[in-house]
Each structure stands twice: as C-alpha cells, then as structure tokens.
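Report on one structure; see the data block that follows.
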Amino acid sequence: MSVKIASIYPTLLGTYGDGGNVAALTHLATLHGIAVEVTEVSPGHTVPHDADIYVLGGGEDTAQSAAAAALHASGALAEGVKNGASVLAICAGYQILGHTFLDAEGKPSAGLALLDVTTDRLDTRAVGELLAQPSEFAPAGLTEVFTGYENHGGHTHLGPDAKPLATVTHGVGNGDGTEGAISGRVIGTYLHGPCLVRNPRIAERLLGWAVGRDLDHIVEAEVEALRQERLDFVTKK
Ligand code: GLN
C-alpha cells in the first residue's frame, strides 16, 4: 500500500521552489522504505478526495485567487481532511486554508476555512530568512528551530481553533511573533525553502501520520549542513 500525496496546482502554487516539498516527501519515504504515489493536480483537473497528504505551495496574489476558486469548486480538500488526511500549505496555500485573505485589489476573498485564521496585510512586505522555534502545539518530536525563507504581504491572525506552529526568532512569520498554524493534521506556514528540505522532521511527521507509526529521524549530512549554514547565516547578521 502506498502513501498518496496530492500536489495541488503546482503551476499556480509553487513559488520559491515549493515543489521541492513533494520531492522531499518522496525522497524521505524512499529512505524509510515507504512507497508513495504522487498525483500532480493541474487547475481544471480533479483533486483527489482520498490522498493521505495534500501539499500546497505559495503563489502570487492572482494565482492564489485562481487556486482558491478552483479548490472551492472542488470540495475535495475538505473531504480529504475530514477523512484524516494531512495538509502542508505554504504561504499563499496557507492563506487559502483560512477564512479570508486579500486578493490583488485588497478585497477579502473566501478561503476554505480549514484553519481558523484570517489574513490581511502587513504594513511592510516580509522578505528574508525566517527562523522559528516550534511551539508546544507543533507535532510531537519537533523541537529543532525551523528555518526557511519568507516573502509575503499577508498578516495572518489566528482564531482560537488554530494554534501557532512556532514562535518567530528571526523574521516576521504571521506578523504577531508567531509563525504558521496547526489544527489537527492541517499545517500552514510561511516557511519556503523548500520547507521540508530544510525541516525534514516535518516531512517525517507527515509520512508517519500517513502510515500510522512514528518514523525514526534519518539524519542526512547534507541536510544538517544546509540547516547549520542557514542558522549561521542569520545569526551572523
Ligand atoms: N500573495 C501572498 C502574499 O503576498 C502569498 C505570497 C507567497 O505565497 N509567497 O501574502
């Protein structure tokens, strides 16, 4: 039995190398001896309702609105989440999972309400390295500081049903000192990077949920070296 991964609209939601998240999941699954089946969903094509892991990346405002409209029309993501699937959504993908976000004209647009968050605008666009310490709500076993890159104008406010994924130690994140949000197995974050290459433990948690057991962390020297390089780069400033 393979783990089903759905890559949602990578042509609309795939800025800053976010497609690397699916590559990281696939690579780590191989290292762990887990078979995966990846479906890349293009706009206009059917979103599977039975995936184990849905992955959404970031996007420009116009692409973000197009992706949100298509996901509304489909309904499959909500159905998948109801059936226990997990979701990793980056930046625009994260904002789409909330109640509302602002479109390119600054008008509120409806999100999918899979996370209790709303997004308006930061005073100044957040661009640069982002470091954040996993919060008590982060999936169990995630304790190492998350590293990533952020580039967004959105300021995301968490409601009571969404918990912060992490606390910002460098950069902006949600805009109030917290970074990302988690509710059950739905994770939204501003961490580009790609996120799962820089933070492979998150990938192992997503795969672990899909196979119903905790995975040991496979430390790869290259990944640890990249992580250390980013930490050094930021803290040297
Ligand atoms: N368009 C959104 C914003 O600027 C998301 C950007 C992104 O995904 N990098 O807030």
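The values are calculated or read from the model by the stated rules, or taken from the named source; none is laboratory data. These figures come from a predicted structure and were not determined experimentally. Cβ placement follows ideal geometry from the backbone for every residue including glycine, while neighbour counts extend to all protein chains displayed. All accessible areas refer to the heavy atoms of the entire protein, side chains included, with ligands and DNA or RNA removed. Shrake-Rupley method; radii C 1.70, N 1.55, O 1.52, S 1.80 Å.
Some observations on this one:
- In region 162-186, residue farthest from Arg121 (Cα to Cα) [restricted to those that are among the β-branched types (Val, Ile, Thr) and assigned to a strand (DSSP E or B)]: Val186
- The sole residue among Ala104, Ala51, Ala113 that is within 16 Å of the ligand (Cβ to nearest atom), part of a loop (DSSP other than H, G, I, E, B) and either small (Gly, Ala, Ser) or touching a Leu at 6+ places or on another chain (Cβ under 8 Å) (or both) is Ala104.
- The set of residues from region 92-124 being among the aliphatic types (A, V, I, L, M) and surrounded by fewer than 17 Cβ atoms within 10 Å (Cβ to Cβ) comprises Ala104, Ala110, Ala113, Leu122.
- Annotation: of all residues in region 56-91 being more than 10 Å from the ligand (Cβ to nearest atom) and part of a loop (DSSP other than H, G, I, E, B), the one that is most open to solvent (accessible area, probe 1.4 Å) is Asn83.
- Scanning region 32-55 for residues that are surrounded by 21 or more Cβ atoms within 10 Å (Cβ to Cβ) and either closer than 9 Å to Leu12 by Cα or aromatic (Phe, Trp, Tyr) (or both) yields one hit, Tyr54.
- Only one of the numbered conditions (1) more than 16 Å from the ligand (Cβ to nearest atom); (2) closer than 30 Å to Ser65 by Cβ; (3) crowded, with 16+ Cβ neighbours inside 10 Å is not met by Ala181, and that is (1).
- Test result for Thr143, more than 16 Å from the ligand (Cβ to nearest atom) and more than 16 Å from the chain's Cα centre (by Cα): yes
- Of the candidates Arg213, Arg201, Arg227, the single residue that is open to solvent by less than 30 Å² (accessible area, probe 1.4 Å) and not acidic (Asp, Glu) is Arg227.
- Residue that is most open to solvent (accessible area, probe 1.4 Å) [pool: residues in region 1-20 that are outside any loop (DSSP other than H, G, I, E, B) and either within 14 Å of the ligand (Cβ to nearest atom) or charged (D, E, K, R) (or both)]: Tyr16
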